[in-house]
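Novice: Got a structure here, written out as structure tokens. Questions coming.
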Amino acid sequence: MTAADLQSRAESLAAGLPNLLLRAKRVAATVSGGLHGRRRPGSGEDFWQFRQSQPGDPLTAIDWRQSARSDHLYVRETEWTIARTTRIWADPSPSMRWRSSRDLETKHDRACLLAVALGFLLEQSGERIGLLDHPGPAFAGRTAPTRLAHALVQARPVETFPGHGAKARSTIVLLSDFLMPAETIARQAERWAAAGMSGHLMQILDPAEEELPYEGRVRLRGLEREGDMLLPHAESLRGDYVQALEAHRRALTAIARQVGWRFTTHRTDKPARVALTHLYTAMAC
Amino acid sequence: MLTFATPWLLAAALALPALWLLLRITPPPPRRFDFPALRLLLGLSTKNRSARSAPLWLIILRLTLVTFLIVGAAGPAWRRGGERVDGPWLIVVDNGWAAGKLWTQRRDTLLQMIRQADHDNQTVTILPTAAPADGGALALAGPSSAADARGAAERLVPEAWPGDRAQAAKLLDALPHGRAMRVVWLSDGLDDDGAATLAARLETFGRLEVMLPSADSLPQLLMAPTSTPTGTRVRLRRFGGGAGHSTVRAMDEQGRSLALIDVPWEAGARGGEAEADWPAELKNRVARLVIDGEEHAAATELLDGSWSRHPVGLVDDGAADRIQLLDDLFYGERAVMGFAEARHGTIDELLQRPLSLMVLPDHGALPDDQREKLRKWVEDGGTLVRFAGPALAGNPDDLLPVRLRSNERLLGSALSWAQPMSVAPMPDDSPFAGLSIPPDLTVSAQILAEPDLTLANKTWAKLADGTPLVTGAPLGHGWLVLIHTTAWPGWSNLALSGLFPDMLHRLLDRSIGVAAPQTGEKPLPLAVQLDGSGHLVPPSAVAQALPAGNGAIIPGPRHPPGYYGDSSARRAVNLAPLLNLPKTLSLPEGALRLDPSRAQADIDLGAWLIGLALLLLLADLALAGGLRRAALAAFLLLSLGDAKAADDVAAALDARLAYIVTGDSAVDETSRAGLAALSRQLARRTTAVLAEPAGVDPERDALAVYPLIYWPLSSRQSGLSEKAQAHLNDFLRHGGMLLIDSRDGGITPPDRLRQVTRGIDIPPLALVGDQHVLAKSFYLLHDFPGRLAGGALYAEEQGDAAHDFVTSVLIGGNDWAAAWADDRQGNPMFPVVPGGEGQRETAVRFGINLVIYALTGSYKADQVHVPAILERMHH
């Protein structure tokens, strides 16, 4: 998927979601960040107050219309706002770049799509977005989703969690299949939570990974050097497998709850809109 | 009945049970998948997961597949027709004249039988019944392997003479009696003395099967035509058959059709005739009659002078005192000499034998009985040419085209006002139209006609003042012609001029010919002969001259039917009159009738079985390996079959010349080497870089990718198939160029050319001169020699405007490829005659001009105007 392709698909996905919801929630929860007025003068766009000019104020800062009404010169002050930064991680590991059937997209493609769509929504709300595994400052402004898409497409397949963290108090969104051992995930989550980040885990799986649809004699090969495994009679293992997957998910949910994050799941054969709505509401809280 | 070509291969079927066991105990190979969530699986135990064996239906599918392969490889064939003797083959093939009709069918049947023998691994002996054209004796071909027999069968052609079955029966003595043989006689359906002997002899070798053509497909014979006063009566013979009709085609010397004569047949009738009603001029041009659709020697009637000769009678009044240069008859006799037979005599003497034209010089009054005889002869079709003179002026009679004034008219004399008169140009509707008048021709005396309304119509030539010089009028079937001046130079110098013999020849051409046998005075060598298909071909080396005299001729390799002698004395020997008309052959006692129309072919099941096995293999792959692998396999299979398309694509990638593969390996190799050498010369001398030439089969290959196709004619080539014709026509219509080379300096008879190029749209052609674009497209050329020089080159008379007036067809015979061909080291392969290396260089230049012309079209036609432009600039 090219960056342009990704962007156009994400745009159409994001266009369907009202960003009013998030804005309304955000106004109610100013403390938790976002493009939030700090109720004191500072850099921002919204009007805060007029004050008389003092020596040292630049001439350009004077509001001439207001000053004309009286004998004093007034300076227009705006409310100080800060933007919340959201950092997204679309897991680029080889296992994410897999699909069980030609009709589906790979898990990584789906993760990228969700990341950019989220980027659009956040950008519309004036927030800054960035990639967890992308060094440098977060993107802001109209071009942010585009740059996000480019960065995503250029991501190299890496099997580990990104090393450099985000700044404290930012939000992180982790889009992965989370098929690594639960302990690894727990360790990393604790580290991030300790740094003051709030976060969201979304497990994206292929339907074949949920259902193990193979029959007869099959040899399965892992994508991240797990080796391979011969199943003489694949269908007889299906029940056990589904249980193992359930157990893994329970472990993940537990980890998320422990650090105060949220954990949701998503399948690549389901519409991306559903996952986006999930993410969106989760972030608005 | 099912037979196998290699039955021992069936033993491989014994391995099938082993295969069954093997398939049962070996589990199918695991299918492989990538699976990211493998870590979750790793912890699970795999107890109670025994290997699954291949499902039963898969085993059955595979066993069927292998069975089909084994049986298919053993070469099964379904043989129709129940029991057959299984033994060596003895095939007697009638290849006398009567076999020419339907020869292709006969040969196909023969090849079919050889294929069957090949399948059964039997030897084949072929016995033709007609003496071969090379003068050798009749011989058995074989017993030999089927492959050798196929070669012999393909070389077998119908001959233009009857077969000798008695002689063939004798040859069978040499054949050992061993096992029972399959004895087949592909007969021509006609009986003769030797037929019974041959049949009896054949039956000693085994059960005889005879192929007898149906009554309708027996040959028809064209007998010698007879002349009637108004035309010609053609006579046909046949051997029974239903009602219908045949068409006799009259052709001229060049093989152009002049007329078609429809001959109706009544049911069961053995003879048919029809009368062609045609004018004498047309009749005199007929050189050959052919029955359409009958391809054998007895369906062609070659005509020579004896069919339609034009003897001229010169009426001699018997006067003794003749002074040569003043004689009435001297000039007339000299005029017809070498052109027609001239006889002297009195009217009575002359009329005793058939005459075409009688010259009657100035003669006094004719006795009544002679006049009546003459009138009757003219009414029956004779042409009487009279000359004026003092005697006629005195007492004109009624055997004249016009009424005469009783006095002669003198010009240039002391009493005359007028000077000797010249002759006016010939009127367009006169028999003399187009003859040029010598400027010094004058007439000083003539006899005038009484003017009347019909005089203008009867005037064939007139003087400058409009008075008649020659008048002519029909009488009965014949003509009365009067030349209004003397037959000797007394009144005019007409008799001394070149116009005089020309006029007499024109009159002779109009006269009705007389059938008269020609007497052989000297031995005549063979000039052209008829082949077994009824076409004229160059004479064979073993043919002997026709002996003098009228002895009986036995047609055979020594005396094939055809034209003997040269242009001065030519005699046609036709086959049909020399045959004692045979009867139809009835089935010999105890013999089986082989139906030629019903296919005797074995049905080859092997290919079907193997095809079926491949389909099963595809199904297996689809089930076991996924659709994609099956699709790949199907694609590979299909691409094997479509290798030809790949060739066409390869041909299209580079510009290259092409030649038509004739099947004659020497000719094809020469074409290839010639075009390759020409391509190299082009690369060296011009900017045209061509790839290696390609040999094409017009039936199969895509021709559109070649700018120029060279077509050498080989003697073994017959006409093209309909598909090939359609392909070539399509190629020519869409701007392709075809160079047809008869490789013999242009002496191939037009007939043969027409036969080979049958079905190809060849536009009207014209000679290529040095004003043609071909002569200046690269080099400036004046002639176009190849290995031979002097043969004419023909191109389309008016090119098609849609193709920029570029000719589509070039026809010549200079054997160009042989002049171009070299052995890659640059050494020429063939000597060129007569010009040596200079001529070869011109030949190469012609080749370069030709290719440049084919590639660039006619833009060099502007070169024609260069002299004019230069001249204008000069002023």
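Novice: Taking the Cα centre of the range B:362-495 as origin and charging only Cβ (+1 Lys, Arg; -1 Asp, Glu), how large is the dipole, in debye to the nearest 20?
Specialist: 120 debye
Novice: Around residue B:362, under 11 Å between beta carbons, what's the net of Lys plus Arg minus Asp minus Glu among the other residues?
Specialist: Neighbour charge sum, excluding residue B:362 itself: -2.
Novice: Rounded, prolate or oblate: which one fits the range B:312-510, using the alpha carbon gyration tensor with axes a ≥ b ≥ c (rounded when a/c is under 1.5, else prolate when a/b beats b/c, else oblate)?
Specialist: Taking the square roots of the gyration eigenvalues as a ≥ b ≥ c, the range B:312-510 is rounded.
Novice: With Cβ to Cβ distances under 13 Å as the rule, what net charge do the other residues near residue B:560 carry (K, R +1; D, E -1)?
Specialist: -2
Novice: Report the trypsin sites (Lys or Arg not before Pro) located in the range B:368-411 that are in a DSSP loop and have at most 16 other Cβ atoms inside 10 Å of their Cβ, or state none.
Specialist: Within the range B:368-411, the qualifying trypsin sites (Lys or Arg not before Pro) (loop, at most 16 other Cβ atoms within 10 Å) are B:403.
Novice: I would also like to ask the following. Note down the net charge around residue A:100, summing +1 for each Lys or Arg and -1 for each Asp or Glu among other residues with Cβ under 12 Å from its Cβ.
Specialist: -4
Novice: Provide, as a two-decimal number, the C-alpha radius of gyration of the protein assembly as shown over 2.2 N^0.38 Å, N being how many residues it has.
Specialist: Expressed relative to 2.2 N^0.38 Å, the Cα Rg reads 1.62.
Novice: Please give the helix B:837-856 orientation as an angle from the longest Cα principal axis of chain B, in degrees from 0 to 90, rounded to the nearest 10.
Specialist: Its long axis makes an angle of about 70 degrees.
Novice: Can you tell which of A:108, A:195, B:311 lies farthest toward the positive end of the dipole of the protein assembly as shown, using +1 and -1 charges on the Cβ of basic and acidic side chains (Lys, Arg; Asp, Glu)?
Specialist: The one lying farthest along the dipole's positive direction is A:195.
Novice: Continuing with the same structure: Angle, helix B:56-73 long axis vs. longest principal axis of chain B, Cα atoms, 0 to 90°, nearest 10?
Specialist: The angle comes out at about 40 degrees.
Novice: How many nm separate the modelled label positions at residue B:14 and residue B:59, each set 7 Å beyond the Cα in the direction of the Cβ?
Specialist: Calculated label separation equals 2.3 nm.
Novice: Compute log10 of I(q)/I(0) for the range B:222-307 with the Debye formula, placing one identical point scatterer on every Cα and leaving out solvent, at q = 0.13 Å⁻¹, to two decimals.
Specialist: Debye intensities relative to I(0), on a log10 scale: -0.38.
Novice: How far apart, in nm, are two points set 7 Å out from the Cα along the Cα-to-Cβ line at residue A:238 and at residue B:824?
Specialist: Output for this residue pair reads 6.7 nm.
Novice: Given a Förster distance of 30 angstrom, what is the FRET efficiency for residue B:761 paired with residue B:108, based on the Cβ-Cβ distance and rounded to 0.05?
Specialist: Once the sixth-power term is evaluated, E becomes 0.55.
Novice: Moving to a separate point now. Taking the DSSP beta bridges in the protein assembly as shown as the whole, what percent of them are antiparallel, to the nearest 5?
Specialist: Counting only bridges with both partners in the protein assembly as shown, antiparallel ones make up about 55 percent.
Novice: While we're here: Based on other C-beta atoms within 10 Å, arrange B:109, B:686 from fewest to most.
Specialist: Sorted ascending by nearby Cβ count, the order is B:686, B:109.
Novice: Count, for each residue of A:222-233, the Cβ atoms from other chains sitting within 10 Å of its Cβ, then give me the mean as a whole number.
Specialist: That works out to 5 on average.
Novice: Right, here's the next one. What order do you get for B:185, B:278, B:78 when you list them from fewest to most C-beta neighbours inside 10 Å?
Specialist: Least to most surrounded, the residues fall as B:78, B:278, B:185.
Novice: Shielding of A:211-217 by partners, i.e. mean partner chain Cβ atoms within 10 Å per residue?
Specialist: 4
Novice: Right, here's the next one. Under the rule a/c < 1.5 gives rounded, and otherwise a/b versus b/c splits prolate from oblate, where does the range B:651-866 land using the Cα gyration tensor?
Specialist: Rounded, since a/c falls under 1.5.
Novice: Could you work out the mean projected area of the convex hull around the alpha carbons of chain B, in square nanometres to one decimal?
Specialist: 59.8 nm²
Novice: Continuing with this model, one more query. Given a Förster radius of 60 Å and the C-beta distance between residue A:50 and residue A:194 as r, what FRET efficiency does 1/(1 + (r/R0)^6) yield to the nearest 0.05?
Specialist: Given R0 = 60 Å and the Cβ-Cβ separation, E is 0.85.
Novice: If you place +1 on the Cβ of every Lys and Arg, -1 on the Cβ of every Asp and Glu, and leave all else neutral, what size is the dipole of the protein assembly as shown about its Cα centre, to the nearest 20 Debye?
Specialist: In debye, rounded to 20, the protein assembly as shown gives about 8080.
Novice: If packing is taken as the average count of other Cβ atoms within 10 Å, what order do B:132-145, A:193-206 fall into, highest mean first?
Specialist: A:193-206, B:132-145
Novice: Let me ask something additional. Let's test this: bin the Cα-Cα distances of the range A:117-167 at 5 Å from zero up to the farthest pair and state each bin's percent.
Specialist: Histogram of Cα-Cα distances, whole percents per bin: 4, 21, 29, 23, 16, 6, 1.
Novice: While we're looking at this one, here's another question. Using the Cα centre of the range B:651-866 as the reference point, and only Cβ charges (+1 on K/R, -1 on D/E), how large is the resulting charge dipole? Debye, rounded to the nearest 20.
Specialist: 300 debye
Novice: Each residue of the range A:172-180 in order: what ³J(HN,Hα) in whole Hz does its phi give by Karplus 6.51 cos²θ - 1.76 cosθ + 1.60, θ = phi - 60°, with x for Gly and Pro?
Specialist: With the stated coefficients, the range A:172-180 comes to 10, 10, 9, 10, 7, 8, 6, 8, 6 Hz.
Novice: While we're here: Calculate the FRET efficiency for residue B:583 and residue B:723 from the Cβ-Cβ distance with a Förster distance of 30 Å, rounded to the nearest 0.05.
Specialist: The value I calculate is 0.15.
Novice: Sticking with this one: Tell me which trypsin sites (Lys or Arg not before Pro) from the range B:179-210 have a DSSP coil assignment and no more than 13 other beta carbons within 10 Å of their own.
Specialist: Taking the range B:179-210 and a limit of 13 other Cβ atoms within 10 Å, the loop trypsin sites (Lys or Arg not before Pro) found are B:179.
Novice: With the crude spin-label approximation of a point 7 Å out along Cα→Cβ, what separation in nm comes out for residue B:372 versus residue B:870?
Specialist: Taking the simple label geometry, residue B:372 and residue B:870 are separated by 8.0 nm.
Novice: Sorted from fewest to most neighbouring beta carbons within 10 Å, what does the list B:397, B:783 look like?
Specialist: In order of increasing Cβ crowding within 10 Å: B:397, B:783.
Novice: Can you classify the range B:108-208 as rounded, prolate or oblate using the Cα gyration tensor, where a ≥ b ≥ c are the square roots of its eigenvalues, rounded means a/c under 1.5, and otherwise it's prolate if a/b beats b/c and oblate if not?
Specialist: It comes out oblate by the Cα gyration axes.
Novice: Now, a different point. Round to the nearest 10 and give me the degree value, 0 to 90, for the angle of helix B:193-203's Cα axis relative to the longest principal axis of chain B.
Specialist: Computed tilt is about 10 degrees.
Novice: Would you compute, from DSSP H runs of 4+ residues alone, the mean residue ellipticity of chain B at 222 nm, taking -39500 (n - 2.57) per run and dividing by the full residue count, rounded to the nearest 500?
Specialist: Calculated at 222 nm, the ellipticity per residue is -9000 deg cm²/dmol.
Novice: Same structure again: Give me, ordered by chain and number, the residues 5 or more places off residue A:73 or on other chains with an amide H under 5 Å from its own placed amide H.
Specialist: A:53
Novice: Using each residue's phi in the range B:258-273, evaluate 6.51 cos²θ - 1.76 cosθ + 1.60 at θ = phi - 60° and report the 3J(HN,Hα) Karplus result to the nearest Hz, with x for Gly and Pro.
Specialist: Result, rounded to whole Hz: 9, 7, 10, 10, 8, 10, x, 10, 8, 4, x, 5, 9, x, x, 8.
Novice: Next question, about the same structure. Name the trypsin sites (Lys or Arg not before Pro) in the range B:730-829 that are in a loop by DSSP and that have at most 13 other C-beta atoms within 10 Å, would you?
Specialist: When the trypsin sites (Lys or Arg not before Pro) of the range B:730-829 are filtered for loop state and at most 13 Cβ neighbours within 10 Å, B:758, B:824 remain.
Coordinate-derived values only; no laboratory data. Values in this document were obtained by computation on a predicted structure and should not be read as measured data. Note that each Cβ is placed from the backbone with ideal geometry, even for glycine, and that neighbours are counted across all protein chains shown.
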